Structure formats: structure tokens, C-alpha cells
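Read the structure below first, then the notes.
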Amino acid sequence: MTMLLNKAELAAFDSIYSQYHQAVFLNICKLVPQQEVAEDILQEVFLALWNNRRKLELTNDVARWLFVVSYNKSIQYLKNAAKEKTILATHPEQAVSTDDDNFAAMKEMQLHLISDAIEQLSPRKKMIFRLCRLEGKSLQEAASILGISHHTAKEYLKASSSFIKTYIATQQASLPVAGLILLGTYLH
């Protein structure tokens, strides 16, 4: 029953995303001209939609909700950027160390999140994931090591990757682009 509900929610989300993502992105770009930043804000908007899906009445003017949230997140970004610019102008010596510290902290947090997700897997799925994604073994090698068929190993790996992606999405409302790149290394 829960699986059906999740599939229905995912289908509804996909439909909303397909229908509105371009318009919301263009709305963000009016305020934030940097494409990469606008893409990050777009991601945050749709993650907020997903995280609040049970609180929202999605049949009632979802477009307005998306545009209001995208506007608010864009304005918040601009305020934070202005504040950061002021701080860097008054304390330029902090610029490099702050960026390095933030990246290191972000990477550590994301690795911890991935590790937590892996620990939630069943022993077989955990082993398949570790062998294939962390140790670089082929599916055939992993299947041979565990004494299971290639097809079973493939299904375990697919289920593991899917679970980890879902786990991360539910644990963290906004995963920065660098985190997505890091995750992409493990979850392709």
C-alpha cells in the first residue's frame, strides 16, 4: 500500500515538474542571472515541493506556490550574496579559508549521509553496492563473490542505488550541486 502511494506521489511530482520547471526556471532567471545559481534554486524549489507534498493541497494552484517559493528563494539568495559580498569587502582574508572550510564541511556531511544510507541496506545489497560502487568490481565479479546470479546482483545494485537516492532526498532538503556530483560518482 505504501509503495503504491509513493508511486502515485512520484507520478504526480513528475507531472508537476514537467509542467512547471521551465517557467519556474525562467522566473528565477529574471532575478538571478547566473544559470548555475538559478539551477540550484530551481532544485531547492522542487525539493521543497517534494518535502512538503503531504502538507500541500497540490490540486489548488500549485503554480502560484511554485512561483512564490522560487521568488522567495531567489530573494534570499540575493540577500545572502549581498551580505557575503559586504563581509568579504571588509574582511578579504577570510575569503579563501571560508570557501575551503565550507567545502570540506559539506563534503564530510555528504559522505556521512551516504554512509548512513548504505548502513540502512540489507547485508546483501550493502555488499553488492560496496563491491560495485566503492571497490570498482563488475557486476559479474560481485555476483561470483556472493554466489548469486548476475541478474540478482544487477537488481540488488539497482535497488540499493534507488534506496540511497531516496534516503538522501528525505534526509536533506537541499543538496548542493557539489553534493550531487559526489553522489553521482556512487549512484550512476
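Observations on the structure shown:
- Taking the numbered list (1) at pLDDT below 85; (2) loosely packed, with under 12 Cβ neighbours inside 10 Å; (3) within 30 Å of Cys29 (Cβ to Cβ) in turn, Asn80 passes all entries but (1).
- With respect to the stated conditions, Val69 is modelled with pLDDT of 85 or more and either among the hydrophobic types (A, V, I, L, M, F, W, C) or not in a helix (DSSP H, G or I) (or both).
- Of the residues making up the range 14-26, one or more are of a type outside the set (Phe, Trp, Tyr), at pLDDT below 90 and under 18 Å from Thr170 (Cα atoms).
Condition check ((1) exposed (fewer than 13 other Cβ atoms within 10 Å of the Cβ); (2) more than 15 Å from the chain's Cα centre (by Cα)) across all residues:
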{"residue": "His21", "(1), (2)": "no, yes"}
{"residue": "Val24", "(1), (2)": "no, yes"}
{"residue": "Val32", "(1), (2)": "no, yes"}
{"residue": "Ala48", "(1), (2)": "no, no"}
{"residue": "Arg53", "(1), (2)": "no, yes"}
{"residue": "Ala63", "(1), (2)": "yes, yes"}
{"residue": "Val69", "(1), (2)": "no, yes"}
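- Tally, over the range 120-145, of residues that are under 21 Å from Thr166 (Cβ atoms), of a type in the set (Gly, Ala, Ser) and assigned to a helix (DSSP H, G or I): 0
- Odd one out for Ile148, checked against (1) in a helix (DSSP H, G or I); (2) more than 15 Å from Ser161 (Cα to Cα): (1)
- Against the test of being modelled with pLDDT under 90 and assigned to a helix (DSSP H, G or I), the options Ala117, Ala153, Ala159 yield a single qualifying residue, Ala117.
- Qualifying residue in the range 34-53 (condition: outside any helix (DSSP H, G or I) and charged (D, E, K, R)): yes
The values are calculated or read from the model by the stated rules, or taken from the named source; none is laboratory data. The shown structure was predicted, so the numbers you read here are calculated from the model rather than taken from an experiment. Using ideal geometry, Cβ is built from the backbone for each residue, glycine included, and neighbour counts are taken over all protein chains shown.
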